[in-house]
Amino acid sequence: MQTPIRIDSRFPAMGTTIFTVMSRLAAECGAVNLSQGFPDFQAEPALFDAMHRHMLAGRNQYAPMAGMPELRQAIVDKVASLYGARFDIESEVTVTAGATQAIFTAIAAFVRPGDEVIVFEPVYDSYVPAIETVGGRAVYAQLRFPDYAPDWEQVQSLITARTRMIIVNSPHNPTGSLITAVDLEKLAKLVRGTDIVILSDEVYEHILFDGEAHASLSGHAELAARSIVVSSFGKTYHITGWKIGYVVGPAELMAEFRKVHQFNVFTVHAPSQLALAEYMQDASRHLGLAAFYQEKRDFFRRLMASTPFELLPCRGTYFQLARYGHLSDKTDRQFAEWLTREVGVAVIPISVFYADGRDDRVVRFCFAKQEATLQAAAERLRKAL
């Protein structure tokens, strides 16, 4: 056998994403998987029926690069209804192969070698690899523990002549915290008069609790003029495996975004787009999502009350953070692996979202599951802890 070629890895320290690692471990151990963020229930049959109908009707060839016009129109109408901003269907909305692709493409479009991108820790794990892939450098601002609120004075101190982008994420993964209208005003003040682009990850925009309103950058005129805003049909309609998302933003930014998009994806599955455009006509399907998931959050928190975990506030997303430091002196990664192997419940350790591995003894549960799944997990936790 020939000697393998030598590869000088561009990312020698980069491993496999924690979500893959924990889901694989859960499968190996027969654990209840509350780690990776995906539902274990189906979308409504009407969505699948619509896609099947469009496939049978022959709508199976390439969609336009920016997305099917029917879906772009539905997106424009939804954003206008929710946030009062009407984007141009031709030049200001693009359908993407999921939110991760959208985020990578936006970073690739605007960040040059040597540019700095401010991110907030704990930071979702796809941002920094994308920044480093294009030669940028991540600069870390801290969300204050335990409420995970941004410190805008710290952000101001991190802005330099090299700052090209700031990435915000609300509702926030992994913490479930929110950016408020007051936060948007503070952010606007910081970037006023600069050429900084804002990338806003809003994939959980419809999952906020206790009457909270989503503070979208699309709805803030000053910030919208310099922002690419990302959302996801996977999170909204329980179809994470479809990998379809979208971005909206001003024409000048979108033109640059599409220069990259056309060559790293080009286009997205056509009949799925048509089905989504049809499905979106009933606004209750996204407007009812907050109540749907609040019921699951409250159900899970009631179950967890009989365990010794200390639950942190959950204002949005379908993730619940919990402290365990009074139960174990294990690191959060060790604790997550122990829970998976010995207790049979898979979770995500929060330290993996920090560049320095900061460990506050906190793990993340996903409650986007059927009640029976959540009950099974809670019963295992009660018996073991």
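The values are calculated or read from the model by the stated rules, or taken from the named source; none is laboratory data. Predicted, not measured: the structure shown is a model, and the values here were computed from it. Quick reminder, even Gly has a Cβ in these numbers, built from the backbone with ideal geometry, and neighbours come from all protein chains shown.
For the range 282-346, which fully contained helices (runs of 4 or more DSSP H) count at least 3 residues that are of a type in the set (A, V, I, L, M, F, W, C) and more than 29 Å from Leu71 (Cα to Cα)?
The qualifying helices (runs of 4 or more DSSP H) are 289-304, 332-338.
Check off (1) within 26 Å of Ile118 (Cα to Cα); (2) out of contact with any strand residue (DSSP E or B) (no Cβ under 7 Å at 6 or more places or on another chain); (3) surrounded by 23 or more Cβ atoms within 10 Å (Cβ to Cβ) for Ser272 and give me the number that stays unchecked.
Against the list (1) within 26 Å of Ile118 (Cα to Cα); (2) out of contact with any strand residue (DSSP E or B) (no Cβ under 7 Å at 6 or more places or on another chain); (3) surrounded by 23 or more Cβ atoms within 10 Å (Cβ to Cβ), Ser272 comes up short only on (1).
Got a number for residues in the range 111-125 being at pLDDT 95 or above and either in contact with a Ser or Thr (Cβ under 7 Å, 6 or more places away or on another chain) or farther than 23 Å from His172 by Cα (or both)?
Of the residues in that region, 7 qualify.
Those residues that are free of Cβ contacts under 8 Å to residues at least 12 places away in the same chain and of a type in the set (Ser, Thr, Tyr), I need them from the range 263-306; list them, please.
Once the filter is applied, which keeps residues that are free of Cβ contacts under 8 Å to residues at least 12 places away in the same chain and of a type in the set (Ser, Thr, Tyr), the range 263-306 yields only Ser284.
How many of the residues in the range 133-157 are in a strand (DSSP E or B) and of a type in the set (S, T, N, Q)?
Qualifying residue count for the region: 1.
Consider Ala130 carefully, then state whether it is part of a helix (DSSP H, G or I), closer than 24 Å to Gly193 by Cβ and out of contact with any strand residue (DSSP E or B) (no Cβ under 7 Å at 6 or more places or on another chain).
When the stated conditions are applied, Ala130 does not pass them.
Among the residues of the range 223-281, which ones are assigned to a strand (DSSP E or B) and among the small types (Gly, Ala, Ser)?
Answer for the range 223-281, where residues must be assigned to a strand (DSSP E or B) and among the small types (Gly, Ala, Ser): Ser227, Ser231, Ser232, Gly245.
Out of Ala181, Ala161, Ala130, which single residue is at pLDDT 95 or above, crowded, with 17+ Cβ neighbours inside 10 Å and assigned by TED's automatic domain parsing to the domain that holds Ser216?
Result of the check over Ala181, Ala161, Ala130: Ala130.
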